[in-house]
1. Please say if the range 1-138 is rounded, prolate or oblate, where rounded means a/c under 1.5 for a ≥ b ≥ c the square roots of the C-alpha gyration tensor eigenvalues, and otherwise the choice is prolate for a/b larger than b/c and oblate otherwise?
2. Compute a Gaussian network model of the chain, connecting alpha carbons closer than 10 Å, and tell me which residue from 275, 230, 75 fluctuates the most.
3. Please list, in chain and number order, the residues 5+ apart from residue 44 or on another chain whose amide H is under 5 Å from its amide H, with Hs placed from the backbone.
4. Suppose each label sits 7 Å from its Cα in the direction of the beta carbon; what would the residue 248-residue 235 distance come out to in nanometres?
5. Please check: in the Gaussian network model of the chain (C-alpha springs, under 10 Å), which one of 15, 142, 180 has the largest mean-square fluctuation.
6. Whenever you get a sec, line up 1, 190 from highest to lowest accessible area (probe 1.4 Å, protein heavy atoms).
7. Carbon and sulfur: what percent of the range 26-127's accessible surface (1.4 Å probe)?
8. For the range 119-245, what mean projected area does the convex hull of the alpha carbons give, in nm²?
Amino acid sequence: MKYDILIVGGGAAGMAAAIKSSERGASVLLAERDLELGGVLKQCIHNGFGLTYFHEDISGTEYADRFRRAIADKSIEIMTEANVVSICENRTAVIATKSGIFEVSFDFCIMATGCREKSIGSELIGGTRPAGVYTAGEAQKMINLNHYDLGDNFVILGSGNVGQVMARRLKILGKNVAAMIEQNNSLGGMTKNRQDCIEAYNIPVRLNSTVDMIYGEGHVTAVRVKHLDSGDTEIIKCDALITALGLIPDRVLAEELEINGNYLDWLYFCGNCESVHDIVDAVTIQAERLASEICDLTEDKLNA
Ligand SMILES: Cc1cc2nc3c(=O)[nH]c(=O)nc-3n(C[C@H](O)[C@H](O)[C@H](O)COP(=O)(O)OP(=O)(O)OC[C@H]3O[C@@H](n4cnc5c(N)ncnc54)[C@H](O)[C@@H]3O)c2cc1C
């Protein structure tokens, strides 16, 4: 099959790009590897979404649902449980699905594959590598979508937005958040999250500090916090360590299409795959704008 535009990833960015491209007359294939569209929004049960785009304060799940409903009205071909495993120089892509492996061709490809969380492996931390260490996004998915109970006493290393949102979520669930540890002299993330999640829930914060040792045989029992100014250390007991160490655009699929920092001229990036955005409204607006620009480029062809 041949499409004007292949969109890889059906989160906020992919859905917005698909809707805009279809409205402009392009034939679109939207491929999403998960069971349904929505991306990380599916696990964001808290409010704080849509303030700019919808002028309403809604949850991430509601934001995703509005786009899922809008997309259903368009003539967009949607494949879920469809993992794009390669994108080739000759403008074809290989997609693995439950019913087999397909090759599709396209004029343009928009990658909307989101971002990855930096893991604990990116830090130099000693210890026995016990279970009970999660990235904030993993923990959010396990708790909000899969209803796992990950422990009672948590330490959070790093202070990105996702970590702050999770600190509040754990407090709401009645858990103890013993400390949020940040190596800089102020917390990261947005001011709103700092106020609504950390200050409002009295989460203890250690600035200029890091975790340099994780204790536990089999499962985490404590972490050692090192105060970077003084060199002093402190042991904090916990049964789970959550990391919020930052996000990196996920461009793994495009690695072989990069030549000296430039990509082929039919390949575009949107949403968190383009750059990490703090708020979803900015993701949507950037994706819509990109789709419009691509359609401008091909207007004659698309309307022919
Ligand atoms: C914990 C947390 C809290 C947040 N809080 C807020 C908030 O309060 N307010 C706000 O406005 N924003 C918030 N955001 C930010 C916002 O949710 C995100 O920036 C936005 O949803 C990202 O959309 P995206 O489409 O770029 O990426 P994603 O949602 O990550 O979508 C990427 C999609 O691509 C798919 N994919 C990846 N690789 C492939 C492949 N090879 N083949 C097929 N599919 C693939 C993935 O399965 C996924 O569905 C929060 C985000 C998080 C994680």
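1. Oblate, since a/c reaches 1.5 and b/c is not below a/b.
2. 230
3. 61
4. Spacing of the two 7 Å Cα→Cβ label points: 3.3 nm.
5. Of 15, 142, 180, the most mobile in the Gaussian network model is 142.
6. The most accessible residue leads, giving 1, 190.
7. Answer for the range 26-127: carbon and sulfur cover 49 percent of the accessible area.
8. The number I arrive at for the range 119-245 is 7.0 nm².
The values are calculated or read from the model by the stated rules, or taken from the named source; none is laboratory data. These numbers come from a predicted model, not from an experiment. All Cβ positions, glycine included, derive from the backbone under ideal geometry; neighbour counts span all protein chains shown. Ligands, DNA and RNA are excluded from the accessible area calculation, which covers all protein heavy atoms including side chains. Shrake-Rupley method; radii C 1.70, N 1.55, O 1.52, S 1.80 Å.
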